[in-house]
């Protein structure tokens with residue numbers, strides 16, 4: 001048998017709490033010594049530190065996937081691992097690996113001497129893989145049983161970030177009385193038909209801050225009351241299994257009352273509501289506090305128009321809520337900024353765009369073809385469901401990433417288009433993102449100031465202050 005000249009070494013350790021990678025270093029040393037004895041040349045090492053390969057593991061193994069891809073494409077012609085349980089603890093994954101070895105002809109060896117060249121050797125390897133899978137499943141069963149017993153005794157999981165109302169570092173066993181009092185105040189307000197916005201304003205007025213040391217907003221108040229820990233409810237894998245034996249701000253019944261109130265007031269977002277609808281949204285900032293201003297349609301006294309305003313329920317640039325002092329008609333601001341951008345584009349000398357080396361079409365075509373081949377093999381019964389869906393998920397993730405990069409390249413190209421003015425003058429909604437990209441090449445930000453109420457004449461030009469690209473943005477003014 002021809003000795004492989006381009007060997008890949010795969011090393012993996014499940015837990016590396018100190019982050020020193022000592023386990024994979026020892027594995028690599030043993031694998032290199034084996035390659036030296038066999039006369040195999042090492043080309044690349046594929047390290048997977050602090051990564052599980054069990055049947056319950058949710059974390060992806062990118063280096064394992066990369067190694068198999070390199071083997072299929074002929075970049076490496078041999079694979080060496082310390083032991084079979086370092087390669088995988090899933091019998092289905094091991095079977096898929098052996099099928100790939102048989103199909104693509106790369107050699108395989110472990111420091112424990114497993115042989116895949118014969119039927120008996122492959123049988124022994126499969127038995128070892130089954131034993132490794134059984135070990136992880138039995139360990140998982142013991143851990144899950146222990147965790148469930150702990151939950152049923154009213155001892156919640158102690159991990160995760162601090163929740164408002166509980167003392168830092170107490171593992172949710174001790175509460176902060178001042179915060180509990182605010183939570184109970186908010187509960188009474190909600191039961192009295194007040195809103196979460198009212199609760200946020202009350203907590204801010206009391207000088208309270210979130211666990212992240214920012215001002216309270218509607219969403220952050222909702223997040224507190226949505227936490228099951230607030231009601232002392234102990235869950236296991238999403239199911240309620242009991243009540244906490246430790247103090248908690250609300251009773252289970254009070255927590256469920258809050259959920260009813262919050263659910264009755266929530267409305268599902270419209271399809272596509274997260275997309276930008278206004279050309280300058282995100283560029284406009286409050287001239288008083290520096291918060292990013294909102295843009296929306298409004299109807300007042302039968303007149304429908306677009307307005308931009310400083311949102312007093314939105315956290316601003318320095319962790320404070322917006323001041324709410326600025327409320328302006330958006331149309332006048334848009335017209336002035338359109339004139340500025342068009343004037344800047346007309347002053348530009350048209351230059352042909354540089355040849356882009358960001359061509360993702362070939363890579364996208366390759367991934368699409370691999371997905372089609374994968375689907376074909378699965379339909380023919382050559383792949384198990386688990387292996388098929390794992391591989392499909394990984395390929396689709398790569399494909400989505402490439403398509404996102406391709407879209408980003410289109411946007412970047414619009415900033416240097418030969419005829420950017422023609423792109424700019426196409427004000428169709430489907431062209432909005434390209435026009436916004438052109439805006440970002442001209443304008444850094446726009447500070448908007450209040451013009452008072454009841455004004456009949458057009459606002460002064462200095463009621464907005466434009467910071468062009470190349471200038472440092474102005475800080476918030478008082």
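Before we move on, is residue 86 assigned to a helix (DSSP H, G or I), farther than 29 Å from residue 373 by Cα and at pLDDT below 90?
Details: assigned to a helix (DSSP H, G or I): yes; farther than 29 Å from residue 373 by Cα: no; at pLDDT below 90: yes.
Against the criterion (assigned to a helix (DSSP H, G or I), farther than 29 Å from residue 373 by Cα and at pLDDT below 90), residue 86 does not qualify.
Any idea which residue in region 100-121 is surrounded by the most Cβ atoms within 10 Å (Cβ to Cβ), counting only those that are part of a loop (DSSP other than H, G, I, E, B) and modelled with pLDDT of 80 or more? Don't jump to the end; show me each part of the working.
Let us first name the residues in region 100-121 that are part of a loop (DSSP other than H, G, I, E, B), namely 105-106, 111-118.
Imposing the further condition that a residue be modelled with pLDDT of 80 or more reduces the set to 105-106, 111-112.
Details: 105: 10, 106: 21, 111: 15, 112: 13.
Across region 100-121, the extreme among qualifying residues is 106.
Determine which single condition residue 61 fails, assuming it passes every other condition in (1) modelled with pLDDT of 80 or more; (2) farther than 20 Å from residue 23 by Cα; (3) under 34 Å from the mean Cα position of the chain (by Cα).
Going through (1) modelled with pLDDT of 80 or more; (2) farther than 20 Å from residue 23 by Cα; (3) under 34 Å from the mean Cα position of the chain (by Cα) one by one, residue 61 breaks only (2).
Looking at 159, 197, 186 in this structure, which one is more than 20 Å from residue 245 (Cα to Cα) and either surrounded by fewer than 15 Cβ atoms within 10 Å (Cβ to Cβ) or modelled with pLDDT under 90 (or both)? Show your work before the answer.
Working: 159 fails: more than 20 Å from residue 245 (Cα to Cα); 186 fails: either surrounded by fewer than 15 Cβ atoms within 10 Å (Cβ to Cβ) or modelled with pLDDT under 90 (or both).
On inspection, the qualifying residue turns out to be 197.
Is it the case, given these coordinates, that residue 17 is within 26 Å of residue 390 (Cβ to Cβ), in a loop (DSSP other than H, G, I, E, B) and at pLDDT below 90? Please lay out each step first, then the result.
Working: within 26 Å of residue 390 (Cβ to Cβ): no; in a loop (DSSP other than H, G, I, E, B): yes; at pLDDT below 90: yes.
So residue 17 fails the test.
Give the residues of region 430-462 that are at pLDDT below 80 and within 37 Å of the chain's Cα centre (by Cα), sorted by residue number. Steps first, answer last, please.
We begin by selecting, within region 430-462, every residue at pLDDT below 80; these are 430, 452-458.
Matches in region 430-462: 430 only.
Does residue 403 count as assigned to a helix (DSSP H, G or I), under 26 Å from the mean Cα position of the chain (by Cα), closer than 23 Å to residue 433 by Cβ and not assigned by TED's automatic domain parsing to the domain that holds residue 66? Break it down stepwise before answering.
Numbers: assigned to a helix (DSSP H, G or I): yes; under 26 Å from the mean Cα position of the chain (by Cα): yes; closer than 23 Å to residue 433 by Cβ: yes; not assigned by TED's automatic domain parsing to the domain that holds residue 66: yes.
Criteria met by residue 403.
Does residue 465 satisfy the criteria of being under 28 Å from residue 322 (Cβ atoms), modelled with pLDDT of 85 or more and either in a helix (DSSP H, G or I) or out of contact with any helix residue (DSSP H, G or I) (no Cβ under 8 Å at 6 or more places or on another chain) (or both)?
Numbers: under 28 Å from residue 322 (Cβ atoms): yes; modelled with pLDDT of 85 or more: yes; either in a helix (DSSP H, G or I) or out of contact with any helix residue (DSSP H, G or I) (no Cβ under 8 Å at 6 or more places or on another chain) (or both): yes.
It is true that residue 465 is under 28 Å from residue 322 (Cβ atoms), modelled with pLDDT of 85 or more and either in a helix (DSSP H, G or I) or out of contact with any helix residue (DSSP H, G or I) (no Cβ under 8 Å at 6 or more places or on another chain) (or both).
Return the pairs, sorted by first residue and then second, in which the second residue is modelled with pLDDT of 70 or more and surrounded by 18 or more Cβ atoms within 10 Å (Cβ to Cβ), the first residue lies in region 41-54 and is at positive phi and in the same structural domain as residue 26 (by TED's automatic domain parsing), the beta carbons are less than 7 Å apart, and the residues are 6+ apart or on different chains.
Cβ pairs passing all conditions: 50/13.
For residue 261, indicate whether it is at pLDDT 80 or above and touching a helix residue (DSSP H, G or I) at 6+ places or on another chain (Cβ under 7 Å).
Values: at pLDDT 80 or above: yes; touching a helix residue (DSSP H, G or I) at 6+ places or on another chain (Cβ under 7 Å): yes.
Against the criterion (at pLDDT 80 or above and touching a helix residue (DSSP H, G or I) at 6+ places or on another chain (Cβ under 7 Å)), residue 261 qualifies.
If we keep just the residues of region 280-304 that are surrounded by 13 or more Cβ atoms within 10 Å (Cβ to Cβ) and not in a loop (DSSP other than H, G, I, E, B), which is modelled with the lowest pLDDT? Even if it seems obvious, please write down each step before you answer.
Restricting attention to region 280-304, the residues satisfying the condition of being surrounded by 13 or more Cβ atoms within 10 Å (Cβ to Cβ) are 280-296, 298.
So of that shortlist, the ones also not in a loop (DSSP other than H, G, I, E, B) come out as 284-286, 292, 294-296, 298.
Working: 284: 93, 285: 92, 286: 91, 292: 88, 294: 89, 295: 91, 296: 88, 298: 85.
Looking at the filtered set, the residue picked out is 298.
Could you please give the count of residues in region 351-361 that are surrounded by 10 or more Cβ atoms within 10 Å (Cβ to Cβ) and modelled with pLDDT of 75 or more? Quick ask: steps written out before the conclusion?
Filtering region 351-361 for residues surrounded by 10 or more Cβ atoms within 10 Å (Cβ to Cβ) gives 353, 356, 358-360.
Next, from what is left, pick out any that are modelled with pLDDT of 75 or more: 360.
Number of matching residues: 1.
Output the number of the condition that residue 269 fails; it satisfies all remaining conditions of (1) under 24 Å from the mean Cα position of the chain (by Cα); (2) modelled with pLDDT under 80; (3) surrounded by 18 or more Cβ atoms within 10 Å (Cβ to Cβ).
That leaves (3) as the condition not met.
Name the residue that is nearest to the chain's Cα centre (by Cα), counting only residues in region 175-200 that are part of a loop (DSSP other than H, G, I, E, B) and farther than 20 Å from residue 212 by Cβ.
Narrowing region 175-200 to residues part of a loop (DSSP other than H, G, I, E, B): 176, 192-195.
Pick out the ones that are also farther than 20 Å from residue 212 by Cβ and you get 192-195.
Values: 192: 37, 193: 35, 194: 33, 195: 30 Å.
Here the answer is 195.
Only one residue in 348, 336, 307, 328 is more than 23 Å from residue 459 (Cβ to Cβ) and either modelled with pLDDT under 85 or touching a helix residue (DSSP H, G or I) at 6+ places or on another chain (Cβ under 9 Å) (or both). Which one?
Working: 336 fails: more than 23 Å from residue 459 (Cβ to Cβ); 307 fails: more than 23 Å from residue 459 (Cβ to Cβ); 328 fails: more than 23 Å from residue 459 (Cβ to Cβ).
Unique residue meeting the criteria: 348.
The values are calculated or read from the model by the stated rules, or taken from the named source; none is laboratory data. Everything numeric in this text was worked out from a predicted model, so none of it was measured. As a convention, Cβ positions derive from the backbone with ideal geometry for all residues, glycine included, and neighbour counts pool all protein chains shown.
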